[in-house]
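Presented below is the structure to which this report refers.
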Amino acid sequence: MQTILSRAGAAPRSGCKACSNAIDTLGRRATSARRKPTFTELFTACYSSVFATAALVDAVRKDDRRKELDRQIEEVRKEIAELQDPRKPSGSGDLETPELSLRQMDILWRSLKDIYSNRPYMKEIHQPATIGPSDLVEALKHEHYGCRNPPRTIDYDRLERAIIREECEKGKYYREPRNQAQLLRESLSTEHLVQKLLDRTDFLPEDQTGPSLHKARSLLEKGSLGLGFTFRSINSARAQDNTIQLNKRLRSLVASSNLSTKEKVGRVCYNLLVSPHPPDIHTYNTLIVAFNKSGHHAFAEALVASFFQYRLLQPTPSTFIAILNHYKCTSNHGKFLRALSCITGLDNRTGAKVRRRHISDIRISPTLLPWASDTKRRTLTGEWIWDHLPLSQPLVEEIIGGLLHFKLFDQAAAFFISCMQSGVNISLDTVRCFLDECIDALDWRAAVRLTGSLARSDSVLQRLLGAGNGEGISYIASRIRVLLDICGLGAADRPPSKSLLVSLKVSGPSFAKFLKTLAQEAGPSQEPLAHSRDIGRSKSRVLQLESIWKEYEFVRKTTISIESKLLYPDFSTDFRGSMALQIGQTALERSIQLNQEFGELTGLTNSVLNESRDGYASQEFTSLSEEDIPAERESLVLAEDASQSEKPEILDYEKSLEPRLIERRPKQMLLSCADGTVFNSSAQRAAVPERAPASGLPAVAAASPQ
């Protein structure tokens, strides 16, 4: 450029003055010497560069933030659209487990609230009233009712597939840290979880090797600043891929049969610590199910406790299924019922971790008042308004299975009826398991509740029969007829009395239509002979008496529990003193009565033994010679002295004998009546139930305790 300008300056010019001045000026600029930049110019350039770089980074972050807000706004719009149209299926793409409508969930939430509010005492749940161990009753149940004692296990493969689908969903947002304070808190919670898992390995056998435990402990000693967790929002797609790979690795580690338990836990802890992000709810679901599936329930308990107490994770549809199954595996009835209270918003400590608001927020921001006033989705407990956990078909089936596992058959029947009334689809396996469990337990209360509800509502009966999908309809109908027989309503030749139908709140035509529908669906049955009919009626009678005896045990246990609660310091001293005297007097009277009956029973037994021994001696006397008579008489005297010396000494039976060991069982009463045994004491006569009136068994059901 400079050469061109120099040649232009040296070229011959015309007489134009303007052209000459322009060429001379360009030549001078091209040939002028460069000057050094001043400090002011350098500072201005650096200052501008720094601010331009910062503006560029801020623009990138603002763009990411704008995209994140747009995504959240779109999710809120979708949620509003789903709430406006509750029949719309879930947008998760999971066609196998569609979400329930708001009306259905409201009915089930209210049923769960009633179950938790009216739950039995913990003593009764821990030691429920059950039928006594008897080979006769078991044989009659198997022969007359067709009980099979089916195994009740959860389908872990199905649950794992549901968890994998949830973690692979696109556009599904779950709660995660958004600032440094929240990220630090999540890091500390992860450290606490890993520490709990490592501490539980101390109870394992010492001969197991675990090199990964030392690596995890050394990495844990560096603290939360050395973990290096980052935000998932920086690259959401990559974070999701990392979570999928991590969960896949953890699932294979726990299921591995070539590693010791210490090595498994060590590798799990190490992977949790070296992960670029804190473990999310999908990782929690994976580990809870994996540990329970492999039988390591103690490590699953650490994860469940971390979820409730130390993390702010939002549950997925599979989270509470895994938690309820864990409480079933560990037989923890108290925490199982607490989980039900969390689902319905009755728990005032943690809730279901969905969403909550303090009542002061409602006073400050009146715009939240419509949100807080929606009592179908939320419940005010304490000073917080808790969101209910959305329900699904697998979660409903898991709740039913848990109630059956803890012998809460009446509560399971109430929740099952709520499912039928709301139109929730229940799988055939769950229906079969529910009916078989109630029949095998001979639960009179659940049978009365279920049969009464089915007789009152034909629509509920049709929904229940519709769960059979054609092949299981006859089986369901036959099981319902067995429940009717347990209640004393199954005799075709002896219709129930009007008083019994009134107590069941069922009209005569409705009950007749109910029996007709069952007869049509169960299929034709052969008319038994008179002799076979009498035998079948006797078998039913024995099983019904055993069911009523179980109900009596339930009432007795409940009464004792209430009496013990009346001695708590919440009541006044005078009231507690009077209650203690009353309870003590009642216990003393029962002890004296048991003592007398035991003495009479022992004397009756000795008299029977003496009579049989005298008869045996008279038969042998004719074959003895005269010289053998004194020896035989001496042996009889010695035997009688020995029997008297072996007579049990009657002491304080109030402390040494349980009433259940002394009281006669229903089958013993029947056998005694068949043998012609005469009861001398009034308590023994009262223990034998009266014979049924002419109307048959319904009178027993009507007079049974509610």
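The values are calculated or read from the model by the stated rules, or taken from the named source; none is laboratory data. Please read all numbers here as calculations on a predicted model, not as lab measurements. A quick note on method: Cβ atoms are made from the backbone with ideal geometry, for glycine too, and the neighbour counts reach across all protein chains shown.
Structure values in brief
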{"item": "Residue list for segment 492-511, restricted to those being surrounded by fewer than 19 Cβ atoms within 10 Å (Cβ to Cβ), of a type in the set (A, V, I, L, M, F, W, C) and under 37 Å from the mean Cα position of the chain (by Cα)", "result": "V502"}
{"item": "P394 being within 26 Å of N425 (Cα to Cα) and assigned to a helix (DSSP H, G or I)", "result": "yes"}
{"item": "Filtered residues of segment 221-241 (kept if in a helix (DSSP H, G or I) and either exposed (fewer than 15 other Cβ atoms within 10 Å of the Cβ) or modelled with pLDDT under 85 (or both))", "result": "S224, L225, G226, S233, I234, A237, R238, D241"}
{"item": "Condition check for L140: in contact with a Gly (Cβ under 8 Å, 6 or more places away or on another chain) and over 30 Å from I234 (Cβ atoms)", "result": "no"}
{"item": "Some residue of segment 163-175 being closer than 25 Å to V265 by Cβ and not in a helix (DSSP H, G or I)", "result": "no"}
{"item": "Checking S306 against (1) in a helix (DSSP H, G or I); (2) surrounded by fewer than 18 Cβ atoms within 10 Å (Cβ to Cβ); (3) among the hydroxyl-bearing types (S, T, Y), the condition it does not meet", "result": "(2)"}
{"item": "Total residues in segment 232-256, condition farther than 23 Å from V194 by Cα and charged (D, E, K, R)", "result": "1"}
{"item": "Restricting segment 441-484 to residues that are among the acidic types (D, E) and modelled with pLDDT under 90, the residue that is surrounded by the most Cβ atoms within 10 Å (Cβ to Cβ)", "result": "D458"}
{"item": "Scan of segment 564-602 for residues that are within 23 Å of K123 (Cα to Cα) and of a type in the set (G, A, S), ordered by number", "result": "S564, A580, G584, A587, S591"}
{"item": "Odd one out for K215 among (1) closer than 24 Å to F308 by Cα; (2) touching a helix residue (DSSP H, G or I) at 6+ places or on another chain (Cβ under 6 Å)", "result": "(1)"}
{"item": "Residue in segment 258-277 that is charged (D, E, K, R) and more than 26 Å from D207 (Cβ to Cβ) present", "result": "no"}
{"item": "Meets criteria (of a type in the set (S, T, Y), within 23 Å of R158 (Cα to Cα) and not in a helix (DSSP H, G or I)) for S252", "result": "no"}
{"item": "Test: residue in segment 456-465 that is in contact (Cβ under 8 Å) with a residue 24 or more places away in the chain and in a loop (DSSP other than H, G, I, E, B)", "result": "yes"}
{"item": "Checking E301 against (1) in contact (Cβ under 8 Å) with a residue 40 or more places away in the chain; (2) of a type in the set (D, E, K, R); (3) not in a loop (DSSP other than H, G, I, E, B), the condition it does not meet", "result": "(1)"}
{"item": "Among residues of segment 509-532, those that are closer than 17 Å to L484 by Cα, part of a loop (DSSP other than H, G, I, E, B) and either of a type in the set (A, V, I, L, M) or at pLDDT 85 or above (or both), counted", "result": "0"}
{"item": "All strands (runs of 3 or more DSSP E) inside segment 342-390 with 2 or more residues being among the charged types (D, E, K, R)", "result": "356-358"}
{"item": "Residue list for segment 398-431, restricted to those being of a type in the set (A, V, I, L, M) and either more than 13 Å from the chain's Cα centre (by Cα) or not in a helix (DSSP H, G or I) (or both)", "result": "L408, A413, A414, I417, M420, V424, I426, L428, V431"}
{"item": "Residue check for S187: in a helix (DSSP H, G or I), farther than 24 Å from F308 by Cα, touching a residue at least 12 places away in the same chain (Cβ under 8 Å) and of a type in the set (S, T, N, Q)", "result": "no"}
{"item": "Among (1) under 30 Å from Y475 (Cβ atoms); (2) modelled with pLDDT of 85 or more - the single one I163 does not satisfy", "result": "(1)"}
{"item": "Any chance Q585 is out of contact with any Phe, Trp or Tyr (no Cβ under 6 Å at 6 or more places or on another chain) and surrounded by fewer than 15 Cβ atoms within 10 Å (Cβ to Cβ)", "result": "yes"}
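Here's the yes/no breakdown for (1) of a type in the set (A, V, I, L, M, F, W, C); (2) out of contact with any helix residue (DSSP H, G or I) (no Cβ under 7 Å at 6 or more places or on another chain); (3) in a helix (DSSP H, G or I); (4) touching a residue at least 24 places away in the same chain (Cβ under 8 Å):
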| residue | (1), (2), (3), (4) |
| --- | --- |
| D534 | no, yes, yes, no |
| R537 | no, yes, yes, yes |
| E546 | no, no, yes, yes |
| E553 | no, yes, yes, yes |
| P569 | no, yes, no, no |
| D574 | no, yes, yes, no |
| G584 | no, yes, yes, no |
| E589 | no, yes, yes, no |
| I592 | yes, yes, yes, no |
